[in-house]
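To start, the structure itself, in structure tokens.
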Amino acid sequence: MRKLVVGNWKMNGVTSDLAEIAAIGDMAINYSRVESALCLPATLISRACDITKSIPIGGQDCHLQQSGAHTGCVSAAMLADAGASLTIVGHSERRAAQHEQDGDILAKAEAAHNAGLKVIICVGETLAERDAGNALHVVLGQVAGSLPQDISGDWLSVAYEPVWAIGTGRIPEMADVKEMHSAIRSALVDRYGAIGNGVRILYGGSMNGDNAAELLAIENVDGGLIGGASLSRAKFEPILAAAEAFGE
Ligand code: PGA
């Protein structure tokens, strides 16, 4: 499996950042043994798709309905219409601030798939959950509750993002990443059979150019979901370069 490296711009990015997005696209095509994408604010998707064809553009969330009376929400069909080819769902920032539950995330993932988007479903434990020894239990519960029944067709990735590692500069011990990714892989294979071996499991949380090679070398770490270090070409490129070394 080629590594998948996805930037998550979160609530960052306005018109003046389109040039940086284009620069990231120009950079990404040099790494042909990596799959990459940029998940942008909905307001930028259409213009980003106009300005670069060199990197797939995605959303960061979608509504579980495709249209209707949901003021302020963006549907998967709208993301696709704007040019997106993927979306993140279930990011911990949304699970926490928007009180999203596993069932909501499952419905969003199915809505996104039905709109023709690839989907990254995020899971991850809080620091309190890890300190209490519950990290595996929590994450495997999220995997069981937020992944759809039918994942055939290579549209789904899972991102393991320990909440306490996001935006903090802290990352887990490599052994803990290995243990978690291996447990997620086993859960995927138990549930989906051989198809579960083909689902990418990304690591996210303070991945950067300094730690990417080590993280990406871990068994079952099939790529990364990158926040802060995806906001500029200069910071994002070393992560793609690290991933390229694993590509066939
Ligand atoms: P970070 O964010 O790389 O800034 O820690 C990762 C994420 O939240 O997806």
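Just so you know, all these numbers are worked out from the coordinates, no wet-lab data involved. Just so we're clear, the structure is a prediction, and the values are computed from it rather than from any experiment. All Cβ positions, even for glycine, are placed from backbone atoms using ideal geometry, and neighbour counts span all protein chains on display.
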Extension gain (nm, one decimal) between Glu248 and Asn12, 0.36 nm per residue minus Cα-Cα: 81.7 nm
Contact order relative to length of the chain, as percent, for alpha carbon pairs under 8 angstrom and 6 or more apart: 23 percent
Thr71-Asn114 FRET efficiency (beta carbon distance; Förster radius 25 Å; 0.05 resolution): 0.65
Rg/Rh ratio calculated on Cα atoms of the chain (Kirkwood radius): 0.94
Between segment 143-176 and segment 69-132, the Cα center-to-center distance that results, in Å: 12 Å
Nearest-0.05 FRET efficiency for Asp210 and Gln149, computed from C-beta distance (R0 35 Å): 0.35
Residues listed by number, segment 227-248, amide nitrogen under 15 Å from Ala23 label point at 7 Å toward C-beta: 229-238
Most mobile listed residue (Gly133, Gly72, Gly13) in the chain, GNM with C-alpha springs under 10 Å: Gly72
Rounded to whole Hz, the Karplus (6.51, -1.76, 1.60) HN-Hα couplings of segment 68-74, x for glycine and proline: x, 7, 9, 3, x, 8, 10
Dimensionless Rg ratio for segment 1-74, taking C-alpha atoms and the 2.2 N^0.38 Å reference: 1.21
Inter-label distance, nm, simple model (7 Å from Cα along the C-beta direction), Ala234/Ala128: 3.9 nm
Modelled label reach - Ala241, point 7 Å along Cα→Cβ, segment 193-230 residues with backbone N closer than 20 Å: 206-218, 223-230
Choice from Gly103, Gly68, Gly228 with maximal GNM fluctuation in the chain (Cα, 10 Å cutoff): Gly68
Vicinal HN-Hα couplings computed from phi for segment 95-110 (Karplus, 6.51 cos²θ - 1.76 cosθ + 1.60; Hz; Gly/Pro x): 4, 7, 7, 9, 6, 6, 9, 3, x, 5, 5, 4, 5, 5, 4, 5
Label-to-label distance, nm, for residues given as Asp50 and Ser182 (7 Å Cα→Cβ offset): 5.0 nm
Qualifying trypsin sites (Lys or Arg not before Pro) for segment 1-63 [loop in DSSP, other Cβ within 10 Å: at most 13]: Arg33, Lys53
